[in-house]
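Below: one structure, written as structure tokens.
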Amino acid sequence: MAYFESVNRSGGVNGKRIEIRTYDDSYDPAKTIQNTIRLVEEDALLLFNYVGTPTVTRMLPLLNHYRDLDIQLFFPHTGAQPQRQFPYRDRVFNLRASYDRETEGLVDKFVATNRKKIAIFYQADAYGRSGWNGVQRGLEKYGLDILEEATYRRGADYDTDLSEQVELLRAVEPDAVIVVGSDKASAAFIRDARDADWDVPISIVSFVNTPNLLSILSQESRETGRDYDFNLVSSEVVPSYKDLSLPAVREYRNAIDRYNPEPPQGFEFEGYRSPRYSHTSFEGFLNAKLLVEILKNTETKDGKYHREALVEAAESLKDFDLGIGTPISFNADDRQALNTVYYTTVENGRFVPLHDWEAWAE
Amino acid sequence: MRRPSLFRKILIGQIVIFGLVALGTSAFSAWNIYRKLMAERLSKGKAIVSSIVYTSQFLLESSPPETTQNAIDEFLAIEGVSYVFAIDADRNIIAHTFVPTIPTEIRALTNSETTGTVVRELEIEGVGQFIDISSPILLGVGGHAHVGIDKSEVVAHIREAIVQQLALILVLFALSAIASYLLIRQITQPLVQLTEYAQQLSARNFPSDIDIRSTDEIGLLAATMQSMASEISGFLARLERAVDDTTRKLQQAQSQVVHNEKMTSLGQMVAGVAHEINNPVGFIHSNTSHVSEYVKELLEYLQLYRVYYPEPHPEIQERSEEIELDFLQEDLEKTLGSMRMGTNRIRELVSSLRNFSRLDESAIKAVNLHEGIDSTLVILRHRLKATSDRPEIRIVKKYGELPLVECYPSQLNQVFVNLIGNAIDALESATARIEDGMLKVEIYTAVIADQAIIRVRDNGSGIPAEVREKIFDPFFTTKPIGKGTGLGLSISHHIVTEKHRGRLVCRSESGYGTEFEIVIPLCLTGESEAPPTDEAELPAAERS
């Protein structure tokens, strides 16, 4: 939002303002489909930054339905596999790496540190299944299997008691637990594990807004006097927003500081203050920047944008410097921009880039 | 109270009926719902499985697991479906809906070899009972799809349905109980009234009316009871009267017997005494005339002596002066006359006594009633004389022309004695109140229409009304103890009304005296077929 705001203030793209329409789907797939139909009917040029695996994977058939309109989804905030595969790969452009890439990477790192007994706790839906699939594939490479799995229902909040799942996994004594869940469910799992004096390394994935997670856990810590923020690893699909050596991070912080965007109208929650910076918002910033770049390259007919031209511009993007050190390219056969996974861990109450995996060795 | 008891019985009956109905319908419903739900769930499960199998043929190989997960998530939303999972050809679960983890029973299930659709009962420990329906994808090459149907959910459905049904039955039962309470109250209200009525009847209280307006059998019963009560009431009244009557008769008979016995002994004694006196008095009386004649001749002879011997011996002269001969001659005749009068009165008295006792006259006989009355007066003469307390009582006879009357003379004489005696008693106790100071008993006789009427009236103080009602009751008396038996008027009443088919009426006005009136037919034998003399009733009187 901040980036679009800054672009609009400095004259827009090719002299045109970017209009953003936001609709809330409450992480409910049925609403996602509803909102998508609404946006198509409102003649949106493109769909942008959809959040969530069950939501996005369920609305994908709609894009094939609107095949003739050639409407594209740009940079959904999910690492799920379907939009990266047939029959939807021609409808979606992805910036971030996929979940299975993330969890596979986590497995690689754990196995490398001799943590071969991997258990997984995941959301019982397509998102969780996506992460589970990555873990499965990762372990398969080493001839290993998932040691034990536990699930929770989508929509579980922080008050949900997950101690049963904790006990299930703890019973088989895994070397590490990979959590594929929402902010609140992940936080609840960490809380119940630590409350049960189980200090196993727990990893979370990029879908989790880490500053948000930490703020929930530190709140809990203040109430119980326990530490919750140790032995945590987070896999990220964008570089750390703390790495000021990257031009994109500087630009991101600049935009946030300048425009200090509030959540879109109607999205405020009482008592919730979104963290100033986060991987999530940084990803959003990168998504926006990449989209604007594509828009800049798009040819207009009669001063109007057309979807064919947009796809053409996107697919012809080559070695664009987004400011994160990795050049971005799309073509008709490859609509996946990034495949890199970044790891962070908590130090002094903050997630910082994790460089030394040896310290995690068993 | 009877009403709640009846209500309780009917309530218990209703509870039993409703209980049976509830039990029966619940069991039937449970069985029915279970059968239908299970069939429905089973067919649903089969449909889901075949649907998954069909779509999976296109999805499994080419699609990421997210798509499979999305598909089974969709099926999980269907009611009655507890879990869905898919396994690949290597028997690994590639997508499932289990939370918090895959149960061991399910893991065991993945290893079983199946061809075609299989329905299995499955119990998952700590979760419940399920029906697992599985079907192979591409004949098992593509793996298997499983759908779990929750049996306990079916049971919960049944329970809910049963609870609703029982609630409905309970409501119906409550309504029915209220209705029957109202109905029973309507029925028992008249019953209670009827019961109270019957209780009153038992207490020999005969209320004139009961307020039962219902037109049904109870109303009929009430009406019947009412008419029965009135009949019983009448019967009881008659019975009481009869008992009173009999009692009175019995008392009268008893007193009659006693009295008769007394009178008979007295009569026998009087007759004996009169008989014994009669003989000596008879010859005394017959000799007085001879004595009178002899004395007269002796005196004539003495007169001759005095004529032919005017100068007697001085000693004779002296002696005649000493005995006052002249006075003696004069007085001797008077003395003899007085003796004759005395013996006459003795004879008269003896004749009256014999006449009164009439030992020979206990059978019906035509008599002159005036003789009986006169005999009675002779007997009671001594009571008429003046005393220190009162002047003489005068008897005023107002006798009419009275033919011979057929009657039991001795019994009627008793009545006369009683009535005249009572009149004298009344005058003796009421002296102060006689205005002109003259005490009198008036005796009146007459004949009116073949009936003899005898009235005995005194000018005493009269009888108060409350006493008058009871004067004919046996043993009722106003006299001091020892003076009266209370039988006199009762016996008299009996003699007049029963023996002579007559009437004995008392008329009295306080302060003006009392009148008793005897009315008896002149002819007693001809008027009645059965003579009133009853052997059983008056044996003593008849025996004598």
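Every number in this text was worked out from the coordinates using simple rules, so none of it is lab data. Because the structure is a prediction, the values reported are computed rather than measured. As a convention, Cβ positions derive from the backbone with ideal geometry for all residues, glycine included, and neighbour counts pool all protein chains shown.
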Checklist outcome for this item: Any aspartates and glutamates whose Cα falls less than 16 Å from that of A:Lys16, other than same-chain ones fewer than 8 residues away, would be A:Glu5, A:Glu293, A:Glu299, A:Asp302
Item to check | Inter-probe distance in nm under a simple model that places probes 7 Å from Cα toward Cβ, at A:Asp145 and B:Ala446 | outcome: 15.0
Item to check | Mean shadow area of the protein assembly as shown, taken as a quarter of the surface of its Cα convex hull (nm²) | outcome: 88.5
Checklist outcome for this item: Computed over chain B: longest principal axis from alpha-carbon atoms vs helix B:369-384 long axis, angle to nearest 10 degrees, is 80
Next on the checklist: So if I take the centroid of the Cα atoms in the stretch B:324-346 and the same for the stretch A:322-343, what is the distance between those two points in Å?
Outcome noted: 197
Checklist entry - How many lysine pairs are close in the stretch B:2-174, with Cα atoms under 25 Å apart and the two 8 or more places apart or on different chains? => result 5
Checklist entry - Once whole DSSP H runs in chain A are found, which of them have Cα atoms spread over 24 Å or more along the helix axis and a mean Kyte-Doolittle score of at least -1.0? => result A:279-297
Item to check | Span from the the stretch A:106-127 Cα centroid across to the the stretch A:132-206 one, whole angstrom | outcome: 8
Checklist outcome for this item: Counting only backbone N atoms under 19 Å from a point 7 Å out along Cα-to-Cβ of A:Glu308, the residues of the stretch A:80-100 in range are A:90-92
Checklist entry - Among the aspartates and glutamates, which have Cα under 16 Å from the Cα of A:Lys242 when same-chain residues fewer than 8 positions away are ignored? => result A:Glu251, A:Asp257, A:Glu283, A:Glu347
Item to check | Crossing angle, helix B:65-76 versus chain B [Cα axis fit, 0-90 degrees, rounded to tens] | outcome: 20
Checklist entry - What is the log10 of I(q)/I(0) for the stretch B:2-174, computed with the Debye formula using one identical point scatterer on each Cα and no solvent, at q = 0.09, 0.11, 0.18, 0.20 Å⁻¹? => result -0.43, -0.56, -1.06, -1.23
Checklist entry - Once both axes come from the Cα atoms, what is the angle between helix B:217-308 and the longest principal axis of chain B, in degrees from 0 to 90, rounded to 10? => result 10
Item to check | Cross-link table B:Lys262/B:Lys499; B:Lys440/B:Lys479; B:Lys470/B:Lys499; B:Lys398/B:Lys470, entries beyond 27 Å C-alpha to C-alpha | outcome: B:Lys398/B:Lys470
Checklist entry - What pairs from A:Lys31/A:Lys318; B:Lys249/B:Lys365; A:Lys117/A:Lys289; A:Lys31/A:Lys109 go past 31 Å between their alpha carbons? => result A:Lys31/A:Lys318; A:Lys117/A:Lys289; A:Lys31/A:Lys109
Next on the checklist: I'd like the distance between the alpha-carbon centres of the stretch B:133-208 and the stretch A:36-76, rounded to an integer number of Å.
Outcome noted: 57
Checklist entry - Considering only DSSP beta bridges with both partners in chain A, what is the antiparallel share in %, to the nearest 5? => result 40
Item to check | Volume per residue of the C-alpha convex hull in the stretch A:56-200, rounded to whole Å³ | outcome: 105
Item to check | Cross-link partners of B:Lys385 among aspartates and glutamates (Cα-Cα below 20 Å; sequence separation of 8 or more within a chain) | outcome: B:Glu348, B:Asp374, B:Asp425, B:Glu428, B:Glu435, B:Asp436, B:Glu442, B:Asp458
Checklist entry - Tell me, what is a quarter of the convex hull surface for the C-alpha atoms of chain B, in nm² with one decimal? => result 56.9
Checklist outcome for this item: Per DSSP loop assignment and a cutoff of at most 11 other beta carbons within 10 Å, chain B keeps its longest run without exposed trypsin sites (Lys or Arg not before Pro) at B:1-203
Checklist outcome for this item: Per residue, the convex hull enclosing the Cα atoms of the stretch B:209-357 spans a volume in Å³ of 169
Checklist entry - Is it possible to state the helix-based mean residue ellipticity at 222 nm for the protein assembly as shown, with each DSSP H run of 4+ residues giving -39500 (n - 2.57), the sum divided by total residues, to the nearest 500 deg cm²/dmol? What is it? => result -17500 deg cm²/dmol
